[in-house]
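Q: Submitted below is the structure of interest, expressed as structure tokens.
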Amino acid sequence: MKTFELSGTVRADLGKKATNAVRNSGNIPCVLYGGEQNINFQVTTGDVRKLIYTPEIFVVNLTVDGKTTKAILKDLQLHPVSEKVLHIDFLEVFDNKPVQIKVPVRLEGLAEGVKAGGKLQQNSRTLKVKALINDVPEQLKVNVEKLGMGKTIQVGELSFPNLELLTSKSAIVATVKATRASKGK
């Protein structure tokens, strides 16, 4: 998995007034949890842009006031109208403790149903998995070459080494739908 370097400063004042002051200064309030104690800190908006606006997942090397911690981005709160980032939650990760994280899905191959005139549709962009942080891949590759017209691939049919899939077994990952052109044949 890729790494992302991020540094922040500890927030001394907590509460609504202090948090709004942080946001008004162009920074984002954050919290790091999962370790010995929760750490409230702030980062600049420009520093996290490449972490937030990407489908990729990262292990974040988070440096807060000189102390570096390994973490993952766990939750992101956006303003309902402006979609400005309001708050970020980070989860501290350890090499020997499993984490739950959403991993992007990438479909590979040309499906048999597509060759017959159907259209491939990806229903799930991410799957929730549980694994040790070093075993989490950058993306889950799903081969769709044997997928026929009108057929689907469900999460229950998939398996990956050292990963436990937490997404519902009946959730559909990909399907080949018949098009008007293929129905006329």
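Q: Averaged per residue, what accessible surface does the chain expose to a 1.4 Å probe, in Å²?
A: Numbers: 11010 Å² over 185 residues.
In whole numbers, the chain has 60 Å² accessible per residue.
Q: Sticking with this structure for a sec: Order of 88-95, 76-83 by packing, highest average Cβ count within 10 Å first? If you can, show how the numbers build up before the last one.
A: Details: 88-95: 18.2, 76-83: 9.8.
So the peptides 88-95, 76-83, ranked by packing, come out 88-95, 76-83.
Q: Computing the accessible area with a 1.4 Å probe over protein heavy atoms, can you report the carbon and sulfur percentage for the chain?
A: Numbers: 5280 of 11010 Å².
Percent of accessible area from carbon and sulfur atoms in the chain: 48.
Q: On the Cα set of the chain, report Rg and Dmax in Å, please.
A: Looking at the chain, its Cα Rg and Dmax stand at 20.6, 69 Å.
Q: A follow-up question, please. Over the chain, calculate the relative contact order: mean separation of alpha carbon pairs under 8 Å at least 6 apart, over the residue count, as a percent.
A: On the way: 378 pairs, mean separation 34.3, N = 185.
Relative contact order for the chain comes out at 19 percent.
Q: Oh, and also: Can you tell me the mean projection area, over all orientations, of the convex hull of segment 97-185's alpha carbons? Units nm², please. Mind showing how you got there, number by number?
A: Working: hull surface 22.3 nm².
Here the figure is 5.6 nm², rounded to one decimal.
The values are calculated or read from the model by the stated rules, or taken from the named source; none is laboratory data. Not measured: the values here are computed from a predicted model. Ideal geometry is used to build each Cβ from the backbone, glycine not excepted, and the neighbour counts take in all protein chains shown. Ligands, DNA and RNA are stripped out before the accessible areas are found, and what is left, the full protein with its side chains, is counted by its heavy atoms. Shrake-Rupley method; radii C 1.70, N 1.55, O 1.52, S 1.80 Å.
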